[in-house]
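Quick notes on the structure that follows.
The values are calculated or read from the model by the stated rules, or taken from the named source; none is laboratory data. Since the structure is predicted, the reported quantities are computational estimates derived from the model, not experimental observations. Here the Cβ is made from the backbone with ideal geometry for all residues, glycine too, and neighbour counts use every protein chain on show.
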Amino acid sequence: MKIPLVDLHAQYLSIKAEIDQAIEDTIQNTAFIGGNAVQEFEREFAQLIGTRHCIGCANGTDAIEILLQAMGIGKGDEVIVPAISWISTSEAVSTVGAKPVFVDVEEQYFTIDPTLIESKITACTRAIIPVHLYGHPANMDEIMRIAQKHNLLVLEDCAQAHLAEWGGKKIGTWGDAASFSFFPGKNLGAYGDAGGMITNEDKIARRARLIANHGQEGKHNHLIEGRNSRLDGLQSAILNVKLPFLEGWTAARIQKAAYYNSNLPKSNLKLPKIHHQAKSVFHLYVIRTPERDGLMQFLKEKGIACAVHYPEALPFLTCYADLERKAGDFPVAHSAVREILSIPLYPELSKPQMDFIVDSINKYFKR
Ligand SMILES: *Cc1c(COP(=O)(O)O)cnc(C)c1O
């Protein structure tokens, strides 16, 4: 049985008529940049998450960058980021001229460890970027408490966590602003690159919108120099078709994760834990074992796609070699990335597929 890590084609087939119509309408109306579909998406997404503003942009990396700029962060500033994430989180900090300062993650949830944040705060620290990794929220109670105490901004990286909640409150509404990615494989994915920024702060929203569109307020009225990072019409039209399905798809992910949690062998694997304050939306289902490489090879031979998110912790990437970091500086992240494995989890995954995956994993440990 061949099982992909995510099945975007199966999802397309389930909504094909509406998607095809939306694409045709966009082309018929030549609504390629700006237009009703973009406005509709921004309005609906803001409403779904429960924030005043949503500003579409070209991708989730730009969303982090633009929000940092909109919050006035740049040269000479330090921004605290977790030691495990996709590189965008730290990369965006460097792109705006600030310095990413890494903090190790929690052993149980792989999100930034709040107990280690304060020791990394200096006079230059301006913000914290918690990442709700794999769809599991970071500990927002503790992060907000630390941010308030030290007068820091909080930018939530929600690229993997659409509709996740902490303490019954949606992630993305805890901090000063939040970034989303609509990369095709994310929980809400476009058919190309796309991103969004949300905030309740009018000032941040206005500035982010200016920056994303060449600093223009109205045509040719350039108040500042910005850049070109727009959410385009085709991607908005596709996202508008998909948005009403997001809650159902999220529920399916959670249900399938629960099935794995009760059927995978706990004696051989560490299975994902959910903090009692958290609603995880399982962007990825990540298991942990010292036999990771062997298991991955075995599953691949059975036709089961799996992957490692991510094979190296951020501080140990070549691009950060000048940090002269040692394994002991980020012990949790450094050992976790050598043992983690993402196995297929997506809304369209069938029970026979899941049973095949469970059986295959059991076979590996009984071999
Ligand atoms: C995907 C992702 C991003 C970047 O999103 P793009 O749309 O690919 O630029 C940022 N942060 C995290 C945690 C991500 O997973």
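Table: residues versus (1) buried (at least 16 other Cβ atoms within 10 Å of the Cβ); (2) more than 20 Å from I117 (Cα to Cα); (3) free of Cβ contacts under 8 Å to residues at least 12 places away in the same chain; (4) in contact with a helix residue (DSSP H, G or I) (Cβ under 9 Å, 6 or more places away or on another chain).
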{"position": "H309", "(1), (2), (3), (4)": "yes, yes, no, yes"}
{"position": "L314", "(1), (2), (3), (4)": "yes, no, no, yes"}
{"position": "T318", "(1), (2), (3), (4)": "no, yes, yes, no"}
{"position": "D322", "(1), (2), (3), (4)": "no, yes, yes, no"}
{"position": "A333", "(1), (2), (3), (4)": "yes, no, no, yes"}
{"position": "P344", "(1), (2), (3), (4)": "yes, yes, no, yes"}
{"position": "P347", "(1), (2), (3), (4)": "yes, yes, no, yes"}
{"position": "S350", "(1), (2), (3), (4)": "no, yes, yes, no"}
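If G196 passes every condition in (1) under 30 Å from P347 (Cβ atoms); (2) in a loop (DSSP other than H, G, I, E, B); (3) not β-branched (V, I, T) but one, which one does it miss?
(2)
Can you tell which of V79, V103, V6 is closer than 30 Å to K300 by Cβ, within 16 Å of the ligand (Cβ to nearest atom) and of a type outside the set (S, T, N, Q)?
Testing whether each residue is closer than 30 Å to K300 by Cβ, within 16 Å of the ligand (Cβ to nearest atom) and of a type outside the set (S, T, N, Q) leaves just V6.
Tell me, yes or no, whether region 199-210 has at least one residue that is in contact with a strand residue (DSSP E or B) (Cβ under 7 Å, 6 or more places away or on another chain) and under 27 Å from K16 (Cα atoms).
No, every residue in region 199-210 fails to be in contact with a strand residue (DSSP E or B) (Cβ under 7 Å, 6 or more places away or on another chain) and under 27 Å from K16 (Cα atoms).
Conditions first: (1) outside any helix (DSSP H, G or I); (2) away from the ligand (no atom under 14 Å from the Cβ); (3) in contact (Cβ under 8 Å) with a residue 12 or more places away in the chain. G172 passes all but one, so which condition is the exception?
Answer for G172: the failing condition is (2).
Does any residue in region 182-211 that is under 29 Å from L223 (Cα atoms) and within 14 Å of the ligand (Cβ to nearest atom) come within less than 8 Å, Cβ to Cβ, of a residue that is part of a strand (DSSP E or B) and of a type in the set (D, E, K, R) six or more places away or on a different chain, and which pairs are these?
Going by the 8 Å Cβ cut-off, the qualifying pairs are A194/D232.
From (1) of a type in the set (S, T, Y); (2) loosely packed, with under 14 Cβ neighbours inside 10 Å; (3) at pLDDT 95 or above, pick out the condition that doesn't hold for S267.
Checking S267 against (1) of a type in the set (S, T, Y); (2) loosely packed, with under 14 Cβ neighbours inside 10 Å; (3) at pLDDT 95 or above, the one that fails is (3).
Touching a helix residue (DSSP H, G or I) at 6+ places or on another chain (Cβ under 8 Å) and either assigned to a strand (DSSP E or B) or over 23 Å from A278 (Cα atoms) (or both): does that describe A123?
Working: touching a helix residue (DSSP H, G or I) at 6+ places or on another chain (Cβ under 8 Å): no; either assigned to a strand (DSSP E or B) or over 23 Å from A278 (Cα atoms) (or both): yes.
Answer is no for this residue.
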